Structures are given as C-alpha cells and as structure tokens.
1. Determine if segment 36-50 includes at least one residue that is within 10 Å of the chain's Cα centre (by Cα) and at positive phi.
2. Would it be correct to say that Ile59 is surrounded by 22 or more Cβ atoms within 10 Å (Cβ to Cβ) and in contact with a strand residue (DSSP E or B) (Cβ under 6 Å, 6 or more places away or on another chain)?
3. Of the residues Arg164, Arg116, Arg153, which single one is part of a loop (DSSP other than H, G, I, E, B), among the basic types (Lys, Arg) and surrounded by fewer than 17 Cβ atoms within 10 Å (Cβ to Cβ)?
4. Against the definition (within 13 Å of ligand 3 (Cβ to nearest atom) and over 25 Å from Glu88 (Cα atoms)), how does Gly8 come out, yes or no?
5. Output yes when any residue across segment 102-113 is modelled with pLDDT of 95 or more and among the basic types (Lys, Arg), and no when none is.
6. Looking only at segment 116-141, which residues are away from ligand 1 (no atom under 16 Å from the Cβ) and either polar (S, T, N, Q) or over 21 Å from the mean Cα position of the chain (by Cα) (or both)?
7. Which strands (runs of 3 or more DSSP E) sit wholly inside segment 330-409 and have at least 3 residues that are in contact with a helix residue (DSSP H, G or I) (Cβ under 8 Å, 6 or more places away or on another chain) and not polar (S, T, N, Q)?
Amino acid sequence: MPCTIVVGAQWGDEGKGKIIDILSADADIIVRYQGGNNAGHTVVIGDKEFILHLIPSGILHKGKMCIIGNGLVVDPEALLKEISMLREKGIEVDGNLLVSESAHVIFPYHKVIDKRRGAQIGTTGRGIGPCYVDKMARCGIRMADLVNKELLRKKLKANLEGSREFDFDEIYDAYIDYGRKIQKYFTNVSLFLNKAILKNKRILFEGAQGTLLDIDHGTYPYVTSSSSTAGGALTGTGVGPTKIDKVIGVVKAYTTRVGEGPFPTEFKKDLMEKIRSKGKEFGATTGRPRRCGWFDAVIVRHAVNVNGLSEIVVTKLDVLDEMEKIKICTGYKYKGKIYNDFPADLVVLENCTLIYEEYKGWMRDTTAIRSFKELPKNAKAYLERMSKLLGVKIGMVSVGSKRKQAFRI
Ligand code: GDP
Ligand code: IMO
Ligand code: MG
C-alpha cells in the first residue's frame, strides 16, 4: 500500500467513495488531489449514508489524516457545510483534516459563469471550470490569500472590475470570515506528505470524477476541468512519481455518465430504466438521473493505459443480477474501420456502430456473496472476460453499497 492512487476508470461515480472507505482501514493518510465539490462520493456505514464532496472518504475511520491537496478548487462555504454535516453525524474532523494553502478558491462569480457557460456540457454548476480558468490565467485566489487582507482586497477588486452583478464588500467580508474559520487546517501538503513517506506512512490518493472526464484524456470538451487521471495525483499534491507504488482503477460492472457528451454503449429506454432503478443511478451531487449503458472495454482499456493501472476493482456487480443477457463492447466500427483503441475524435464516438460480445446472465442474487469462488459460474466468466480484455487483474469485487459487501480476489 504505502502510496496507492485510486482513480475512476469510466465517467465517474464508479463507487470510489466506497472503495476508498474500505482501503482506508489499512491507510494512514487519504488525500484528494483534484476537482472540487462537483464530486459526490458515497460511503454507507450501517444504516447511515454519507456523501462527501470535498473531504476524503477516509474521514469516517477514526484517526486517519484526511487532506485536501493543492490541485483542488475549494468552495469554502461547501467545505464548512461538509464539516458541519460530519459533526452532526458524530464525526469530528478537527485534528484529522488538513487543507493545502495553495488550493484555489471558488467565488460566487465562478458559479454564475459556470451555470451560464457550462450548460451545454451539463456541468454540476459548482464553479469548478471557471475557477480552474482563473488558476490557469494566473488571476486565481488561493486559500492562503484569504488570510491576507490586503492581498485579498487587491485580487478580488481586480477580478470584479467592471462587474455590476457582484457586491465587493459582501463577498470580501464573507471570504475573510471563511479564511478565519479554515485557517486552522492550512498546511504545506507536499512537505507533509513527503515527510510522511520518509516515515513509511501509507497514503491513499483519492481521485474524483473519472478517466473519461479528464481534461486531457477524456471525451473533450465534455469533461471536467482537471486531471482526474493518475498524473493529477502527483501535480495535485506535490508528490513525485518515484514514490507511487500502485494505481487502482475503480470500474463499474456496466457504464454510467452524468451530463452531456458521447456515450457509445448507452441503453435505450427499457434497459435504461431497469438498470437506473436497480442501480439507484441518480447523481450524488446534483440528483440528476445518470445515463446507463453496457460495459465498454474500449474506454476502460484507455483508462488502463493512461493511468498505468496495476489492478481494477469491479463495483455494482449485483446490479446485473437480474439480467438474462449481458453485453460487453469490445470495439467500435466507423466508416468500415474497426477501432479497438479509444479514438480521440468525438465524431467516431458519436457515430460508430458497436462490436459486442454477449453473455448469459447469472440470474441469482449476489449481494450476500463474500468470495470469488461463491459467485455464480456466469458471473465468474463475465469478470474473467473483463479482466482478459483489459489486461489487468481484478483485485476486489463489490456486490452492494455496504462496507461488508465486497471481497478481495
Ligand atoms: P463515486 O463518485 O465513485 O464515489 O460513486 P458515487 O458514490 O457517486 O456512486 C456510487 C453509488 O453506488 C453510491 O450510491 C454507492 O453507495 C453505490 N455503490 C457502491 N458500490 C456498490 C455496489 O457494489 N453495489 C451497489 N448496488 N451499489 C454500490
Ligand atoms: P465523482 O467524483 C460524475 C461531470 C458533470 C459534467 C462534467 C463537467 O462523484 O465521480 P463539472 O461540474 O466538473 O465542470 O462538470 O463532468 N461530473 C461528474 N460526473 N461523477 C463526478 O464526480 C462528476 N464530476 C463532474 O456531470 O458532465
Ligand atoms: Mg459520485
């Protein structure tokens, strides 16, 4: 374990929160490295469900250090709300939470711009993209700036110049107050993690979104604005590549996507409704219905490559329990050409016909199964085929949302 990156291998919502929670039992530190509160990571413990947007999913284990890295864009109001939500549910974060001083801060104007300009992409409207735009344009405001009154005044004035929509004093006062409240969590994340690595501490890097939503490797422009792939874990925390031991990809046993953009294996109406209701496929952040489709080996193979996956964890296998037939997409066909590798050209993704393999379902409840050998024969065959097509081993399988509903292979 010492340094393990966990990434989503599809379009997000693969069950990263649940898997991070399980792996956290054997970790000392859990660190988010990109994105912001566009993420919604669900952890179910007993009859309590927790949805984490910013704080790492390891926070539900006592005594683990949870860190918000420099690569995130942080809405301080959302962060304070999340801290209160956890407190109300009996989880204390003080002493277990650190926030990078270099993480960028989301302001109200980012959210307004996002709702206006992000509509075509179907963004979460949380201001993520516009905040990263300011970061890249070098006019962003960082966490550390919130406790430097003069600097914040200067930067915020410059960013609001010419705007009649926003009241400078109101925003300034609110953000000075946020800074005052969050300052106690500030740290130099890179230094903290590198010292921990020298002491052999076990670190989990928690990815948000998924590989196909990555700004470079996803279905651009229908992506998020950060590097959700394994590379982002390095730049988003200040840890070097020689320190990473393992990269785990979380893979749903079928495919889902929220928002706009190409989705070759997307179901038609009947199957869509069946899987959506069985898999409770509604967004953890916005509540939007998720689009659902068959497992697409082409996109996950792409994830194996761009992340250098050492292994995968397959989640939500139980959602396929009542399917008589199950399909895996192994390639795309467009204008007479066969694509076994992910094409960057969206025209191909949007207009291709699909090459499928079809399998018999297992038609048995798997939610109480706790080992590979207990799985129905057809479920084993499905997983084995998946692993073969991807060229990586399966390290764990999940058959329900609860902690105990998972087993290692
Ligand atoms: P994340 O964003 O990758 O952390 O995933 P989300 O939390 O947004 O969505 C995953 C959903 O599936 C959550 O509601 C989880 O509680 C649930 N879930 C996770 N693993 C399983 C599983 O193996 N089976 C079932 N039925 N639900 C699961
Ligand atoms: P987790 O971490 C699924 C999608 C949005 C939209 C696109 C861009 O829970 O897996 P953004 O607000 O990021 O600019 O939106 O990305 N999206 C997600 N979809 N899971 C997520 O996070 C997502 N975060 C963003 O729906 O299509
Ligand atoms: Mg999610």
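1. No, that holds for no residue.
2. Working: surrounded by 22 or more Cβ atoms within 10 Å (Cβ to Cβ): yes; in contact with a strand residue (DSSP E or B) (Cβ under 6 Å, 6 or more places away or on another chain): yes.
Yes, satisfied.
3. Working: Arg116 fails: part of a loop (DSSP other than H, G, I, E, B); Arg153 fails: part of a loop (DSSP other than H, G, I, E, B).
Answer to the check: Arg164.
4. Values: within 13 Å of ligand 3 (Cβ to nearest atom): yes; over 25 Å from Glu88 (Cα atoms): yes.
Considered against the rule, which asks whether it is within 13 Å of ligand 3 (Cβ to nearest atom) and over 25 Å from Glu88 (Cα atoms), Gly8 comes out as yes.
5. Going residue by residue through segment 102-113, those that are modelled with pLDDT of 95 or more are 102-113.
Narrowing further to those that are among the basic types (Lys, Arg): 111.
Looking for residues that are modelled with pLDDT of 95 or more and among the basic types (Lys, Arg), one finds at least one in segment 102-113, hence yes.
6. First, the residues of segment 116-141 that are away from ligand 1 (no atom under 16 Å from the Cβ): 116-121, 125, 127, 129-141.
Selection gives Arg116, Arg117, Gln120, Asp134, Met136, Ala137, Arg138, Cys139, Gly140, Ile141.
7. Details: elements: 337-339, 353-360, 393-398, 406-408.
Fully inside segment 330-409 and qualifying: 353-360, 393-398.
Listed here are the residues, each with its yes/no results for (1) surrounded by fewer than 18 Cβ atoms within 10 Å (Cβ to Cβ); (2) at pLDDT below 95; (3) hydroxyl-bearing (Ser, Thr, Tyr).
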| site | (1), (2), (3) |
| --- | --- |
| Phe267 | no, no, no |
| Arg276 | no, no, no |
| Val306 | no, no, no |
| Asp321 | yes, no, no |
| Tyr339 | yes, no, yes |
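The values are calculated or read from the model by the stated rules, or taken from the named source; none is laboratory data. Nothing here was measured: the structure is a model prediction, and the numbers come from that model. Don't worry about glycine lacking a Cβ; one is built from the backbone with ideal geometry, like all the others, and counts go over all protein chains shown.
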